[in-house]
Amino acid sequence: MSTSNGNPIAHPQVQLANARQYVGAYVVSLVLMGTALWLVDRHLGSQEQLLMIVTACAAGAALVQAYFWLRLDFSRTQRWITISFWLFVPLFIMTVGLTAWMFSTLYTRTMIPALMHPAALMH
Amino acid sequence: MMLAMPSIDYTVHNSVFLVAHFHTMLNVVGFACLGGINFWFPKVFGFKLDEGLGKRAFWFFSAGTALVFGCMYVLGFMGMTRRLDYIPYVSWRPLLVGEEVGIFLFCVASYYLFKQLYVSVRDRAQNRVMSNDPWGTARSLEWLTHTPVPFYNFAVRPQINSRDEWAWRRQHGLDGARPDHYEDIHLPSNSVVPALLGAFAFAFGFGFVWRMYWLVAVSLAGMIAAIIAKSFHEDSGHTIPGAMVERLERGFRDVVSEVAPIGDLVGGWARFAGPREAPSGRVRRESGSGARVLAMRLVGRKREDTR
Amino acid sequence: MSQIADPDRAILWDPNHTEHDMIETRVLGFWLYLLSDAMIVAALFATYLVLDHRMNTAGGPTASMIVHPVAAFGVTVLLFSGMLAYGLAMAALKAGDRRRVLVWIAVAFILGLGFLVVEGHEFADLVQAGITPERSGFLSAFFTLVLYHGVHLMFGLLWLAVMAVQVWRQGLTAQVVYRLLNLKMFWFFQGFIWIFVFSFVYLTGTLHVH
């Protein structure tokens, strides 16, 4: 509740803002998303290739936004924010990745009989 | 840990061994709670719980635990499954009777726990705590400030020289050390908003469970409105001037040495609950007056001296 | 760990302890909250990827039948523009220009509202076609994931409106500034999450992976 911080505008958190980098990150992330859209919409590639490309574009856009919008760098101001983020990322990937992997193998191991059922294959 | 081993887990699945196991784990938590209550009760209320009754409760509780769960583990190994509505084997009977006796011991333990609380509150004058550290053997930092704890916790932030700071100070004869001067203490103001949020959140959950969607809408709107209203309430807390802190501290020590600080349970709470929130807009100007009122209340009959 | 402190010369009190930087502690605290919030998103993504399978459609539509990647790119542009507008508000804050902060917050609000209106229309069409969350496990996961993001944006809009009033009435005080910084992280984070929603719900949904 301290108000003795002096001028809040001079705070390093405020001084992180950079309009040019914000615009740059905006353009790059939209171009990446647009590229992924164009390739998927035209079906330019096999399913596996497209999945890889979409993943790469998403990762690229995420990194660009994380670095230039959320300013996750190792400067003195942002150090702990960045470290907590990079500790969080593996948790996120493991939560999503391990669950999806576990269930996809589960489906192939246990649901083949059900998939063989014609009603299930109609859709 | 034990039941995390699949081979054991499969073997004891659905048996009363499993029931005994996880209830023993809960029981350990119960023991820790009872220990914690006895240990920190004086820190919060200013008087100790009756030791003899506490010991009696402990032994009955322990005996009950041994009897109930000892029998239950063995029954599990004998193949008894849980949630039976009949007893298929006569050979289980003695152990089941043993469990019943254990339950009876638990009841006796509960009786002594309630009696301990009742007797301790009744005889609080005798059990009153006269120093920071009623145990004389406490180690950690909370015993370094007054018992019970004043609303500002520490008058001056202690410098830590050892992991068990209080034990270290006692060992080196520094437990009577007082700061030579007092700085202003800045405290946040009390606010009704968190309690309000809790009430609205309860209504929110209740509404969803019973599908009373009007209640959901009202309590959600209430939560949002309370948070927004709080954000508009520019309250930077209040400051207790260093001179006031010093007077409070001195009064505190005099009172401790002459008469007990705690008249009664409720009065004790009211005394240390801290000043009420000042009306908005007047916080800064009124800073100190809340503390002055508190000082009067705290020092009580020594009013003339502190003024 | 044994501590060697000389009891005769040890300092016992620390009256002049420096105050914590209020803005920094609150920004970090809110950031940690956002990361925990993102773990809920992780759980929702995991659920979606598990249920995005022919076995879980219960005879109802699959992802490829309900997602429109081109339309979704349209709302992506709206959303990212809203993020950029708030970024420019932050640049105005850096310059201490209160009026420009207000203007960019208003632009961000309008763009975010546009996103929600378009998404609302999309969902209204689905519901009218009988495609509701209770239709199948897959649709439950789909609606929950996308609406979770949508509800966050809704609260973001509310927050933007509140901050606009506070900037206008109270000016750029420390209290207002730390809230603007927290809102910046909240608002940008919704764009960050949307990258994955767009990629792994709207784009790969058309691929018939399963």
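The values are calculated or read from the model by the stated rules, or taken from the named source; none is laboratory data. Source: prediction; values computed, not measured. Cβ sites come from the backbone with ideal geometry, for glycine too, and all protein chains shown count toward neighbours. All accessible areas refer to the heavy atoms of the entire protein, side chains included, with ligands and DNA or RNA removed. Shrake-Rupley method; radii C 1.70, N 1.55, O 1.52, S 1.80 Å.
Buried surface for the C/A pair, taken as the accessible area of each chain alone minus that of the pair with a 1.4 Å probe, is close to 5600 Å² in total.
Note on chain C: with neighbouring protein chains present and a 1.4 Å probe, carbon and sulfur make up 64 percent of its accessible heavy-atom surface. Against chain C, whose longest principal axis is taken from its Cα atoms, helix C:22-51 shows a tilt of about 20°. What the Cβ-Cβ distance of A:TYR67 and C:THR173 gives, at R0 = 30 Å and to the nearest 0.05, is a FRET efficiency of 0.50. Between A:ALA19, A:ALA36, A:ALA100, the GNM of chain A built on Cα springs shorter than 10 angstrom shows A:ALA100 fluctuating the most. Taking a straight line from the alpha carbon of B:LYS115, these lysines sit under 26 Å away, with near neighbours fewer than eight places off in the same chain left out: B:LYS43, B:LYS48, B:LYS55. The dipole here belongs to the protein assembly as shown: it is taken about the Cα centre, uses +1 on the Cβ of Lys and Arg and -1 on the Cβ of Asp and Glu, and is about 1020 debye. Note on A:ILE9: accessible area is roughly 20 Å² with a 1.4 Å probe, heavy atoms of protein only. One chain, two ends: B:CYS107 and B:LEU174. Fully extended at 0.36 nm per residue, the span grows by 19.6 nm beyond their Cα-Cα distance.
Accessible area per residue for chain A, computed on protein heavy atoms with a 1.4 Å probe, is 57 Å². Per residue of peptide A:34-41, the mean number of Cβ atoms on other chains within 10 Å of the residue Cβ is 5. Solvent-accessible area lost on pairing B with C (1.4 Å probe, both sides summed) amounts to about 2100 Å².
Using 0.36 nm per residue and subtracting the Cα-Cα separation, the extra length available between B:VAL44 and B:ALA195 on full extension is 52.2 nm. Sequentially through the range B:189-199, phi angles give Karplus couplings (6.51, -1.76, 1.60; θ = phi - 60°) of 6, 5, 9, 8, 4, x, 5, 5, 4, x, 5 Hz, Gly and Pro residues having no value and appearing as x. Label sites at B:THR239 and B:VAL74, each approximated as a point 7 angstrom past Cα along Cα to Cβ, lie 7.1 nm apart.
Normalised per residue, the accessible area of the range B:2-122 is 60 Å², obtained with a 1.4 Å probe and no contribution from ligands, DNA or RNA.
Of A:ARG76, A:ARG109, A:ARG42, the residue with the greatest mean-square motion in the GNM of chain A, using alpha carbon springs below 10 Å, is A:ARG109.
Relative to the dominant Cα principal axis of chain C, helix C:137-170 is inclined by about 40°. Counts of other chain beta carbons within 10 angstrom of each beta carbon in peptide C:47-60 average 4.
Between C:LEU32 and B:VAL97, what FRET efficiency follows from the Cβ-Cβ distance if R0 is 51 Å, with the result rounded to 0.05? The formula returns an efficiency of 0.40 here. Computed with every protein chain present, the accessible area of B:LYS115 is close to 70 Å² [probe 1.4 Å]. Between the beta carbons of A:TRP86 and A:VAL31, assuming R0 = 30 Å, the FRET efficiency works out to 0.75 to the nearest 0.05. The angle between the Cα long axis of helix C:174-197 and the longest principal axis of the Cα atoms of chain C comes to about 30 degrees, rounded to the nearest 10. Partners of C:LYS94 within straight-line reach, counting lysines whose Cα lies under 18 Å from its Cα and excluding those fewer than 8 residues away in the same chain: C:LYS184. Given a cut-off of under 8 Å on Cα pairs at least six residues apart, what relative contact order in percent is computed for chain C? Relative CO of chain C lands at 32 percent. In this rough spin-label picture, where each label sits 7 Å from Cα along the Cβ direction, the B:THR81-B:ARG250 distance is 7.7 nm.
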